[in-house]
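Novice: Pasting a structure below so you can have a look.
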Amino acid sequence: MKKVIAVLLAVLCVFSIYTISVSAIDIPVHSRENIVKIISGVKGDKKGGNITPKTSEYAIGEDVTFHITPNKGYRIKQVWVNGVAIGPVDEYTFYNIQEDSTIYCEFERDGTPTTKEETTKRNSGKVSPDTGAELSTTVVLCVLGTMVIGSVAAVVLAKKSRKEEY
């Protein structure tokens, strides 16, 4: 009976490894040479608004859209991409990123009165790029589930094995 338990545990272990590897197929793996950095920021009056996402690293070939949002009482004065002024746009997309890049924006007052409370509310909806957290959670849950099932199976088989010996 001990051989049967050992075989079942071995099969369960192989199944666990297979499950993890199948789940990991969809997780993008990036080596350092396949990563580019996009630096983003606000020039001048930092209270004028924000640009999202913040500075981050991306895989070569990705598309990344940046959103420029002025706070109440401000407007977009200018946006620079890799040092070149492109005008007062409210979004910019880097398509098929191949190298490190920069994007900066500048805001100016538009004459509309603002309050600190309105500015705080406006800044609370910042957006960040997808990090793949859902996929990582799926892998972890799959591994934990397999471990629990394996543990329960081992206990059940061990109890049956003891009953057969008596």
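Novice: Would you check which residues across segment 86-107 are part of a loop (DSSP other than H, G, I, E, B) and closer than 13 Å to THR65 by Cα and list them?
Specialist: Correct list: VAL89, ASP90, TYR95, ASN96, ILE97.
Novice: Still on this structure, I have one more. Looking at the structure I just gave you, is ALA59 of a type in the set (A, V, I, L, M) and either at pLDDT 95 or above or in contact with a strand residue (DSSP E or B) (Cβ under 6 Å, 6 or more places away or on another chain) (or both)?
Specialist: No; evaluated as a whole, the condition is false for this residue.
Novice: Follow-up. Which of the residues that make up segment 33-85 are acidic (Asp, Glu) and assigned to a loop (DSSP other than H, G, I, E, B)?
Specialist: Correct list: ASP45, GLU62, ASP63.
Novice: In the list VAL42, VAL79, which residue meets the criterion of being at pLDDT 95 or above and among the β-branched types (Val, Ile, Thr)?
Specialist: Details: VAL42 fails: at pLDDT 95 or above.
On inspection, the qualifying residue turns out to be VAL79.
Novice: Starting from segment 97-108, take each residue that is under 7 Å from ILE76 (Cα atoms) and list its partners that are of a type in the set (Phe, Trp, Tyr) and assigned to a strand (DSSP E or B), counting only C-beta distances under 6 angstrom and pairs at least six apart or across chains.
Specialist: That search, which allows pairs on different chains as well, returns PHE107/TYR74.
The values are calculated or read from the model by the stated rules, or taken from the named source; none is laboratory data. Predicted, not measured: the structure shown is a model, and the values here were computed from it. Because the Cβ atoms are built from the backbone with ideal geometry, glycine has one as well, and the counts that use them run over all protein chains shown.
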